[in-house]
1. Considering only segment 186-200, I want to know if a residue exists there that is assigned to a strand (DSSP E or B), in contact (Cβ under 8 Å) with a residue 24 or more places away in the chain and of a type outside the set (Gly, Ala, Ser).
2. Residue check, Phe111 against (1) part of a helix (DSSP H, G or I); (2) closer than 30 Å to Met10 by Cα, all met but one. Which one?
3. Across segment 193-214, what is the total count of residues that are open to solvent by 20 Å² or more (accessible area, probe 1.4 Å), of a type in the set (A, V, I, L, M) and closer than 15 Å to Thr341 by Cα?
4. Gly107 versus (1) more than 20 Å from Met160 (Cα to Cα); (2) surrounded by 17 or more Cβ atoms within 10 Å (Cβ to Cβ): which is the lone unmet condition?
5. Please work out which one of (1) exposed (fewer than 14 other Cβ atoms within 10 Å of the Cβ); (2) of a type in the set (Ser, Thr, Tyr); (3) modelled with pLDDT of 80 or more; (4) closer than 23 Å to Met179 by Cα is the condition Thr271 fails and give its number.
6. Is it the case that segment 29-47 has a residue that's out of contact with any Gly (no Cβ under 6 Å at 6 or more places or on another chain) and loosely packed, with under 14 Cβ neighbours inside 10 Å?
7. Of the numbered conditions (1) open to solvent by 10 Å² or more (accessible area, probe 1.4 Å); (2) more than 23 Å from Phe216 (Cα to Cα); (3) not in a helix (DSSP H, G or I), Ala78 fails exactly one; give the number of that condition.
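The values are calculated or read from the model by the stated rules, or taken from the named source; none is laboratory data. It should be emphasised that the depicted structure is a prediction, and the values quoted were computed from it without experimental measurement. Here the Cβ is made from the backbone with ideal geometry for all residues, glycine too, and neighbour counts use every protein chain on show. Heavy atoms of the whole protein, side chains included, go into the accessibility calculation; ligands, DNA and RNA do not. Shrake-Rupley method; radii C 1.70, N 1.55, O 1.52, S 1.80 Å.
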Amino acid sequence: MSPYALSMLMSSLAVGTIVTLSSHHWFLAWMGLEINTLAIIPLMTKMHHPRATESATKYFLTQATASALILFSTTINAWMAGEWTIMNMTNPTPTVILTLALAIKLGIAPFHLWLPDVLQGLNMLTCLILSTWQKLAPMALMMLTSHQLNTSLLIAMALMSTIIGGWGGLNQTQMRKIMAYSSIAHLGWMILVISFAPSLALLNLLIYLVLTSSMFLMLMTLNSTNTNKLSISWLKTPTLAASMMVTLMALGGLPPTSGFLPKWLILQEMTKQHLGALSALMAMSALLSLFFYIRLSYTISMTSPPNISNSSLTWRKKKNLTYVIPILIIMSATMMPITPTLLLLN
């Protein structure tokens, strides 16, 4: 792809998200979402492969359906309330339709089926953009309207997302599908607490962005697209392979990594809301995700490739690591000690 076209598409992605984040009018927010969708589709199809074309088609149809539902719900709300303000979603019918539309946009269960298939047909960079940047605008709209959304519907979708996100990733060998199911599970934790404590949902989103970005950047550096290629990652860059294990443990939510912080705070908030049974179910569903993260760590550290070099010096991948990856790895592992500060800010 031409650098000029790529820069224009990336600028359009940024503009679409910023328009949605800064808007108070529903029509302007909808326009930002549409700019986002139309800007990423050429990035999806730049590989000129049938799988990429299929992924772009699925993504376009899904996002178009969600955008139509958003426009439909906001039009009904404007007709009933007399204004297009984002913070004024008073009627329950358009609010439920809006919740479902944003769930389709984000890939929350039971509207998650498009996400693993779409990610599997794309390259790692586009998967990174789709899993991180494209979540910002719909999640911002959900946070703005969180005090008016149906709490029971959000809790049901959150529990379903964490269970499906953990269960769906158990039998996968492709890293892009594993990261897709990981995204579904993390989104479940976010929307669980969004109506009780939006600040915790924002904290969870930020940590999710850090962990997912570091994971995708490491996979791009190691050129690992499945678990078989992960088993030879220690031959290429041993330090990066060890760092990937730490990031996987953070994605699973093991202490003392950063991934434990949002789960701990969310379970604490749910207990304060007298939802002990729900907290127990969420904690048990997190074990499903933790299992395939531990399996990936085992593949990286304790399995040998089928053909081991006979030479005394193992060939290493000579590729300059950017400064972004070490910073993200450090943030993935060391944000736990700042918990008291975050609790004071909350």
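1. no
2. Of everything listed in (1) part of a helix (DSSP H, G or I); (2) closer than 30 Å to Met10 by Cα, Phe111 misses just condition (1).
3. So the answer is 1.
4. (1)
5. (4)
6. no
7. Going through the list (1) open to solvent by 10 Å² or more (accessible area, probe 1.4 Å); (2) more than 23 Å from Phe216 (Cα to Cα); (3) not in a helix (DSSP H, G or I), Ala78 breaks only (3).
Here's the yes/no breakdown for (1) touching a residue at least 24 places away in the same chain (Cβ under 8 Å); (2) not hydrophobic (A, V, I, L, M, F, W, C):
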site: Leu33; (1), (2): yes, no
site: His48; (1), (2): no, yes
site: Lys58; (1), (2): yes, yes
site: Met89; (1), (2): yes, no
